[in-house]
Amino acid sequence: NSSGIKYSKAIEQGIKEQKLSVCLSADAGTREMFKRVKRVDKFDKFWENAAKYAKAQKDAEDKIFTETKYVLIPGVNTDKEEIDRWLDLNVKAGIKTVVCDIENDFCRDLRAKNEKKPQYLADLCVYITERAKELELNLNAYNNFRYLLSEYSIA
């Protein structure tokens, strides 16, 4: 896992040799949201580095060694347009695998209150899943995202 802000020749070499993979944490599809979530103005540098790592992959058909992650933070970055931009940026950068999850503290607090996750989040998870398929992106559903899909019998 990496912030993706600093480029690493060692990671690039590991990707080329198919000895390691890198998951870059984007959590945004626009510069404004990236700055809000990450608290740094490195949006362009992030996507420049993501494209370099993607280019280092040998297998043009199934690029699994470079992926970006989007953690849904309810009330912050759960706008469909923001997510669409993130997905489109992955395609533009040559990334074929994306990762989604839901912010852990939010989910933990709901469990503590014995509340189900909001329907809009379930709908958003379905939307992301379908949109990724349309764009021919592999989707890795992490922890809370995967659980929500199964909780609502969507998976």
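The values are calculated or read from the model by the stated rules, or taken from the named source; none is laboratory data. In this text the structure is predicted, and so the values were computed from the model without any measurement. With ideal geometry, Cβ positions are generated from the backbone for all residues, glycine too; neighbour counts draw on all protein chains shown. Accessible surface is based on the protein model in full, side chains and every heavy atom, while ligands, DNA and RNA are left aside. Shrake-Rupley method; radii C 1.70, N 1.55, O 1.52, S 1.80 Å.
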* Please enumerate the residues belonging to the stretch 12-51 that are among the β-branched types (V, I, T) and open to solvent by less than 40 Å² (accessible area, probe 1.4 Å). => I15, V22, T30, V37
* Scan of the stretch 88-110 for residues that are exposed (fewer than 12 other Cβ atoms within 10 Å of the Cβ) and at pLDDT below 90, ordered by number -> R108
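Condition check ((1) part of a helix (DSSP H, G or I); (2) over 15 Å from the mean Cα position of the chain (by Cα)) across all residues:
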{"site": "D41", "(1), (2)": "no, yes"}
{"site": "Y70", "(1), (2)": "no, no"}
{"site": "V91", "(1), (2)": "yes, no"}
{"site": "V98", "(1), (2)": "no, no"}
{"site": "R111", "(1), (2)": "yes, yes"}
{"site": "E115", "(1), (2)": "no, yes"}
* Filtering the stretch 2-11 down to residues that are free of Cβ contacts under 8 Å to residues at least 60 places away in the same chain and touching a Lys or Arg at 6+ places or on another chain (Cβ under 9 Å), which residue is surrounded by the fewest Cβ atoms within 10 Å (Cβ to Cβ)? -> K6
* **Neighbours by Cβ (under 8 Å, 6+ apart or cross-chain): first from the stretch 112-128, open to solvent by 40 Å² or more (accessible area, probe 1.4 Å); second assigned to a helix (DSSP H, G or I) and not basic (K, R)** => K116/L110; K116/E151; Y127/I83
* Structure fact -> Across the stretch 104-155, the tally of residues that are in contact with a Pro (Cβ under 7 Å, 6 or more places away or on another chain) and not aromatic (F, W, Y) stands at 1
